[in-house]
Amino acid sequence: MSKFTNATITKEANIYYDGSVTSRSVELEDGSQISLGVMLPGEYTFNTNKAEIMEILSGNLEVKLPDEEWKTLSTPESFNVAANSSFDVRVKTVTDYCCRYID
């Protein structure tokens, strides 16, 4: 889905890693939550509370999920992250992403 209708967007940005990763929180019409964001080149670790589907919309990165090897992602591509876990990314170019939270 490249467009969301009837969504509520929080104006204030979520800012991580001194501004190298930013996102906006979005509540969709059905009540589900997503984040739309951008990551600048660098290495980052993220922790999850809920399970997530990370969709890479543009850019180039590698991801390391728990108990897995590093994997290079092509655009567009997505990966799933378990709840209450973490994952690492090596962002090679400016990367646009959509993170969908799963209850």
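The values are calculated or read from the model by the stated rules, or taken from the named source; none is laboratory data. Nothing here was measured: the structure is a model prediction, and the numbers come from that model. Here the Cβ is made from the backbone with ideal geometry for all residues, glycine too, and neighbour counts use every protein chain on show.
So Asp96 passes all but one of these: (1) in a strand (DSSP E or B); (2) more than 10 Å from the chain's Cα centre (by Cα); (3) touching a residue at least 40 places away in the same chain (Cβ under 8 Å). Which condition number does it fail?
Evaluating Asp96 over (1) in a strand (DSSP E or B); (2) more than 10 Å from the chain's Cα centre (by Cα); (3) touching a residue at least 40 places away in the same chain (Cβ under 8 Å) leaves (2) as the failure.
Which ones in the range 33-60 are outside any strand (DSSP E or B) and either touching a strand residue (DSSP E or B) at 6+ places or on another chain (Cβ under 7 Å) or closer than 17 Å to Leu73 by Cβ (or both)?
Across the range 33-60, the qualifying residues are Leu40, Pro41, Thr48, Lys50, Gly59, Asn60.
Going by the structure shown, is Lys71 within 28 Å of Thr5 (Cβ to Cβ) and not polar (S, T, N, Q)?
no
Yes or no: Glu69 among the acidic types (Asp, Glu), modelled with pLDDT of 95 or more and either assigned to a strand (DSSP E or B) or surrounded by 14 or more Cβ atoms within 10 Å (Cβ to Cβ) (or both)?
No.
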